[in-house]
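J.: The structure under discussion is supplied below as structure tokens; questions concerning it will follow.
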Amino acid sequence: MDNKGFTLLECMIACTIASIVLLGIHRLSISAFTTYNSYLSAKSVDNESSIVYYAFKNRIDNALKVEIYDSYGKLITYEDSIVELPLARINLYYDNTTGSCDQSFTLSTNGELIYATSAVQDNIRSIKLNKQANSAIVTISYQFKNDEEIFYYIANLGTKGMVNYIADLN
């Protein structure tokens with residue numbers, strides 16, 4: 001009898017073991033790709049939020065005067081209380097001599113945050129303002145489409161034109 005080959009049973013066992021190993025490797029690679037794609041999505045949203053945050057921070061911090069308007073065109077004052085007011089317009093004044101608005105932030109209907117005439121970021125679901133009454137601290141919250149996380153920028157506008165006029169008169 002010649003013993004120089006494999007039996008059919010040995011071949012089937014080897015194929016079964018190889019299939020189990022390959023199936024495990026396949027599931028592991030799918031899990032790794034899913035995790036990597038989730039990481040890329042989260043990193044993309046973080047990058048987008050940083051762009052919006054620093055756009056607000058750089059422009060508002062450098063402005064001499066800031067005016068915030070509600071969706072009815074009313075100027076938000078120190079005394080006003082704001083809860084989840086959608087962003088209508090933020091006017092920024094950099095030059096005291098002209099008296100006119102130098103630049104502004106608006107949110108377009110298709111979700112682009114517009115500064116002056118160019119888009120800062122698109123893919124924005126909403127930008128909302130919050131402010132307590134008799135306070136110059138404004139919280140700007142923003143959210144991106146296809147993401148539930150809410151990001152915040154907090155600005156103290158006390159030196160930017162939103163002041164307590166009654167206290168200033170005394």
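J.: Hey, can you tell me all the residues within region 90-118 that are charged (D, E, K, R) and either over 15 Å from the mean Cα position of the chain (by Cα) or surrounded by fewer than 14 Cβ atoms within 10 Å (Cβ to Cβ) (or both)? Outline the logic, then answer.
T.: Step one: list which residues in region 90-118 are charged (D, E, K, R), which gives 95, 102, 112.
Passing the criteria: 95, 102.
J.: Might you let me know whether region 13-27 holds any residue that is within 30 Å of residue 149 (Cβ to Cβ) and not β-branched (Val, Ile, Thr)?
T.: Looking through region 13-27, at least one residue is within 30 Å of residue 149 (Cβ to Cβ) and not β-branched (Val, Ile, Thr).
J.: Which of the residues spanning region 52-89 are under 24 Å from the mean Cα position of the chain (by Cα) and among the aromatic types (Phe, Trp, Tyr)?
T.: Hits for region 52-89 are 53, 54, 56, 69.
J.: Among the candidates 130, 134, 146, single out the residue that is more than 15 Å from the chain's Cα centre (by Cα), among the polar types (S, T, N, Q) and part of a loop (DSSP other than H, G, I, E, B). Walk me through it before giving the result.
T.: On the way: 130 fails: part of a loop (DSSP other than H, G, I, E, B); 146 fails: more than 15 Å from the chain's Cα centre (by Cα).
Within the list 130, 134, 146, the selection yields 134.
No value in this document is a laboratory result; all are computed from the given coordinates. Not measured: the values here are computed from a predicted model. Note that we place each Cβ from the backbone using ideal geometry, even for glycine, and neighbour counts take in every protein chain shown.
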